[in-house]
Amino acid sequence: MTDYQTFCFFEKILTFEFDLATVDKLVEFTLANIEKHSGKKRSMRKGQQLRELNTNQEFLSILGPGLKSIYQAAPAWLEGHKEGGLREKKITFLLTDAWINHSPPGAYNKIHIHPGANISGVIYLQAPENCGNISFVNPYSYFCAAEDTYTVVPKKGMGLLFNSRLPHYVDVNHSEEDRISMAFNMRFTDLPLKLG
């Protein structure tokens with residue numbers, strides 16, 4: 001099931017459900033690999049990231065069953081969006097990269113965007129209470145008297161899709177447990193989609 005919110009600042013945040021069996025396997029993968037394969041951290045502070053997972057065969061085999069929910073949610077995100085000229089064409093969505101954020105207590109993400117993509121997303125693999133909300137910043141505050149941010153409280157198995165150019169940040173993890181999420185980028189393409 002998917003659900004979305006459209007805001008006065010003309011952006012859409014779509015929520016979808018991700019396969020919980022895949023979530024649990026991705027948590028196991030993260031805990032087994034975070035120390036030895038931690039990559040360059042970009043917006044993250046006081047946490048670690050597993051980067052360049054689109055070339056990691058173990059990760060891709062675990063993610064495989066969950067890809068369907070991502071690829072089913074993407075057209076719903078596009079429907080009625082301001083990128084709408086694309087909906088007249090046969091658009092395929094291609095997942096171009098993915099990474100895992102391992103955020104222990106005290107970790108957070110500074111405000112950032114995802115350049116080089118059309119749609120970005122996050123899936124919450126482990127999200128204890130008070131682990132840090134994600135907030136999307138109104139990029140059109142000069143145009144519309146709306147809230148400055150829209151905030152989502154993370155829940156295990158929840159996925160979000162949003163415009164890659166939409167500024168966002170993640171609050172400090174105030175829980176006593178790790179927050180673990182998988183982030184990804186997608187591009188529009190007219191090439192046929194191949195999942196396997």
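General observations
- Largest accessible area first, the listed residues R42, R187 line up as R42, R187 when surface is computed with a 1.4 Å probe on the assembled protein chains.
- Note on Y169: accessible area approximately 70 square angstrom, rounded to 10, probe 1.4 Å, nucleic acids and ligands left out.
- Table column - 3J(HN,Hα) (Hz), the stretch 157-173, Karplus curve with 6.51, -1.76, 1.60, x for Gly and Pro: x, 7, x, 10, 10, 7, 4, 4, 8, 7, x, 8, 8, 10, 5, 4, 6
- Prolate/oblate/rounded label for the stretch 93-144 (Cα gyration tensor, a/c 1.5): oblate
The values are calculated or read from the model by the stated rules, or taken from the named source; none is laboratory data. All values derive from a computational prediction rather than experimental measurement. The accessibility values were calculated without ligands, DNA or RNA, using every heavy atom of the protein model including side chains. Shrake-Rupley method; radii C 1.70, N 1.55, O 1.52, S 1.80 Å.
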